[in-house]
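Working notes, structure below.
The values are calculated or read from the model by the stated rules, or taken from the named source; none is laboratory data. Remember, it's a predicted structure, so these values are computed and weren't measured experimentally. Using ideal geometry, Cβ is built from the backbone for each residue, glycine included, and neighbour counts are taken over all protein chains shown.
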Amino acid sequence: MESSRGQVTGGGTGGRPFSRRWFLGAGSASLLTAGLGTGLTACGSGGGAGGDGKTITAFVYGDDAVKVQQAGVDRFNKSAAAKKAGGTVKLQKVPGSDYSPKLRTAMGSPSAPDVFFNWGGGSIKPYEEAGKLVDLTDIIEGDPVLKDGFLPSVLASGDLGGRHYGIPMRGMQPVILFYNKAVFTEHKLQPPTTWDQLLDINAKLKKAKITPFALGGSDIWPELMWLEYLVDRIGGPEVFKRIQDGDAEGWGDPAVLKAAELVKELIDDGAFGSKFTSVSYVNGGAPAVFARGKAAMHLMGSWEYSTQLGKFPDFAKTNLGWAAFPTVEGGTGDVRNVVGNPTNYWSINARTKNKDLAVGFLKDCASKEYAQALIDNGDVPTTSNAADLLASSPNPEYAKFQYDMVEKAPAFTLSWDQALGDGLGTKMHTEIGKLFAGQSSPSEFVTACKGLK
Amino acid sequence: MTVTVEKARTGKPRTANRAGRPHAAWALPGVLFFTFFAVVPMALALYLSFTSWDGLADPKPVGLDNWKKLLDDPRMTQSLWLTVVLTFASWAFQTVVALLLGVWAAGRQRNRAILSAVFFVPFLLSSTAIAILFYALLDPNFGIIQKDTLGSQSGAFLAIVFVGGWQFIPFHTLIYQGGARQIPDVLYQAAAIDGAGRYRQFFSITLPQLRHTITTSTVLMVVGSLTYFETVLILTKGGPGTDTAILPYLMYEAGFKTYDFGYASAIASFLVIAATGLSLVLVRLTGFGAMRSTREGM
């Protein structure tokens, strides 16, 4: 609202008066998108820098971690770099579940953001194909701050066709096997390192009337994590790489079938209990089942730690344990391989009116201050200076585990749904949901996936 | 529905009837609103259904591809079947309860008025709020019914029918209450003199007299069920698996999850055609369109 008021008086655009008719026409459109200032609303809500008042907008996934980005924006807006580029950045926090559709519809409209959060890889492929992304390869190569600022593997994970389109801006998100230390101690168990051990633990837990694994099955993506790790452990990262590169026949790899069969065995065996298809992760159901000891383990992204810290702080501090996903007998995948999201990225809209400002803002993500803010939030940054900061984490032991896990991983497979993009990813989710709900058999699952396009 | 009614009227113009009626221009605001917010979007959706559009680049014409896909897609077949079953189950549940409640509430005692007001409350809440409320109540680990309700097809389906009924029965009760109060007392008095009991009176007077009310309520329910969406999105997300993915949900998924707006538009157009067709058929079959009075011969 602030900015549309600015238009009426013309205050933000060097005193140029706008007619009432102009306001009714253009203003009604920009009212809907107040503050999204791409050209139409050329005035800063805070009065702008030096009276010039160029504001660019950044769309971000609005969860608990967003405070790090807000602090980054505030710091950048006061910086010399912002003054030099002559403008400020405005952060638009979009609620998580609405993020993808909102971004998609905004990008086709006059209120498109200049900078936006994404998952790299397939998640930005349609945008790249539609010519909406700034190719950052030359900018990164030509700038020591950006070039040396991030772990190369993480930077590369967001690439499309060997070109950089994004700058890492959040913590690492490897998928980790979490376990409840209290339950494990009580039943004299050790975290599994092999699949057989895992089955053995399951049997003991079931005897003790404890569900072995919490699973937020109604969200589907927590189910996906199981397949991602199993396929990696059985057949190595090459199996999914082939699928990601567009060869749907890759689903026919024996590793996929074997992984689906192992999943089916787990389900039939009651490893996830009998109600997991109606349990959600997003609304806190699965984390609560896990924290309260109703389930002993939880395969989840590294954000499980901050989720638990927020909802069940005592559990997170004393009884939350973590381990790598076990090996599968006969599998060829390296046990050090990791799946998950290397991190999230900022990309720049090719239609931005102030690219210098956007690039300047992205550079801030390589700064020590930004990395420290991530650390303080319990995240592990993907910046090259991260290792030195780990000791100041609220839980240095966990931060170090995560950092080493990612640093030493021979392969880091991006979450399949993100790697495939929204279209294919959603259809794959449907098939995974059917497999876990018992509506399709492992071989039907493979056949269905081969037919996805 | 409206269209047919007007057609039936204009079919036999009677000058005498025109006298006290407003000029056609009075309809202009309504017509304009309807054009901009219903006809234009519908036409755009129909156009999009002949294109392939991911929401970013320009829509590319693909001819009948989306419509062919609509016919071949096994998920579409499943969705259509689920929609039909959901519509029928909702109709049966809501009609029986609303009819009985409405007829009961048509009595004139004070307690009934108060209870009727209380019954009406669910209808005033937003569908989203209701769905979130029931989602919490049905949580398998922490809700009041700690069963895997939403994790099985029958459970999820019953939950959707029940929650929909809980929300919309009050509205239909109100319609039936109004309808039942229109029935002249003399009919009941005459029946009582002839020795008809309560049940006989209900089946021989109340029900036949409510014929048109039932049609109105049914059309609203059927068309409403065809666009039933928020509850499914929040309660089940079409799951478990694809067990509750009714047509509007499939449309949402095609549009806002897979970003296949062309296909989503084809589903949307299909829904519009099906809903219009169904309501026309219902109106025609029940003789509602002829607008004969239920009180003929009175």
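What are the residues in the range A:290-343 that are of a type in the set (Gly, Ala, Ser), surrounded by 18 or more Cβ atoms within 10 Å (Cβ to Cβ) and assigned to a loop (DSSP other than H, G, I, E, B), if any? Within the range A:290-343, A:302, A:324, A:331, A:333 meet the criteria.
Among the conditions (1) over 17 Å from residue A:120 (Cβ atoms); (2) assigned to a helix (DSSP H, G or I); (3) of a type in the set (A, V, I, L, M), residue A:177 misses just one, which is (2). For the range A:437-447, the criterion of a residue being on the phi > 0 side of the Ramachandran plot, out of contact with any Pro (no Cβ under 6 Å at 6 or more places or on another chain) and either outside any helix (DSSP H, G or I) or buried (at least 20 other Cβ atoms within 10 Å of the Cβ) (or both) is satisfied by at least one position. Among the residues making up the range A:424-452, those that are within 29 Å of residue A:343 (Cβ to Cβ), more than 17 Å from the chain's Cα centre (by Cα), within 13 Å of chain B (Cβ to nearest Cβ) and not aliphatic (A, V, I, L, M) are A:427, A:430, A:431, A:433, A:436. Quick one: count up the residues across the range A:212-266 that are among the acidic types (Asp, Glu) and within 14 Å of chain B (Cβ to nearest Cβ). Of the residues in the range A:212-266, 2 are among the acidic types (Asp, Glu) and within 14 Å of chain B (Cβ to nearest Cβ). For first residues located in the range B:36-57 and within 14 Å of chain A (Cβ to nearest Cβ), partners that are part of a helix (DSSP H, G or I) and among the aliphatic types (A, V, I, L, M) and lie 6+ apart or on another chain with Cβ distances below 7 Å form the pairs B:56/A:107. The single condition among (1) away from chain B (no Cβ under 14 Å); (2) surrounded by fewer than 24 Cβ atoms within 10 Å (Cβ to Cβ); (3) touching a helix residue (DSSP H, G or I) at 6+ places or on another chain (Cβ under 8 Å); (4) closer than 22 Å to residue A:331 by Cα that residue A:200 does not meet is (3). With the structure loaded, tell me whether residue B:224 is surrounded by 24 or more Cβ atoms within 10 Å (Cβ to Cβ), modelled with pLDDT under 90 and either farther than 18 Å from residue A:97 by Cβ or within 14 Å of another protein chain (Cβ to nearest Cβ) (or both) or whether it fails that test. Judged against the criteria, residue B:224 is not a match.
Identify, please: which residue in the range A:299-314 is in contact (Cβ under 8 Å) with a residue 40 or more places away in the chain and more than 18 Å from the chain's Cα centre (by Cα) and is, among those, nearest to the other protein chains (Cβ to nearest Cβ)? This residue is A:310.
Listed by position, the helices (runs of 4 or more DSSP H) enclosed by the range B:1-48 that each have at least 1 residues that are at pLDDT below 95 and of a type in the set (Lys, Arg) are B:2-11, B:15-18. Can you find even one residue in the range B:87-100 that is out of contact with any Ser or Thr (no Cβ under 8 Å at 6 or more places or on another chain) and within 14 Å of another protein chain (Cβ to nearest Cβ)? There is no residue in the range B:87-100 that is out of contact with any Ser or Thr (no Cβ under 8 Å at 6 or more places or on another chain) and within 14 Å of another protein chain (Cβ to nearest Cβ). Note on the range B:107-125: residues that are over 23 Å from the mean Cα position of the chain (by Cα) and either among the hydrophobic types (A, V, I, L, M, F, W, C) or assigned to a helix (DSSP H, G or I) (or both) amount to 6. Scanning the range A:115-127 for residues being over 11 Å from the mean Cα position of the chain (by Cα), more than 10 Å from chain B (Cβ to nearest Cβ) and closer than 9 Å to residue A:347 by Cβ gives a total of 3.
Selection of the range B:156-185 for residues being more than 22 Å from the chain's Cα centre (by Cα) and not polar (S, T, N, Q) yields B:181, B:183, B:184, B:185.
Scanning the range A:267-290 for residues that are touching a residue at least 60 places away in the same chain (Cβ under 8 Å), within 12 Å of another protein chain (Cβ to nearest Cβ) and among the small types (Gly, Ala, Ser) yields A:273, A:278, A:280, A:285, A:286.
The single condition among (1) over 24 Å from residue A:219 (Cβ atoms); (2) surrounded by fewer than 14 Cβ atoms within 10 Å (Cβ to Cβ) that residue B:90 does not satisfy is (2).
Touching a residue at least 12 places away in the same chain (Cβ under 8 Å), out of contact with any Cys (no Cβ under 7 Å at 6 or more places or on another chain), surrounded by fewer than 16 Cβ atoms within 10 Å (Cβ to Cβ) and more than 28 Å from residue B:154 (Cα to Cα), is that true of residue B:200? Taking the combined requirement at face value, the residue does not satisfy it.
For residue A:415, indicate whether it is in contact with a strand residue (DSSP E or B) (Cβ under 6 Å, 6 or more places away or on another chain) and under 30 Å from residue A:270 (Cα atoms). The answer is yes for residue A:415. Checked against the criteria, residue A:408 does not count as more than 24 Å from residue A:149 (Cα to Cα), surrounded by fewer than 20 Cβ atoms within 10 Å (Cβ to Cβ) and away from chain B (no Cβ under 14 Å).
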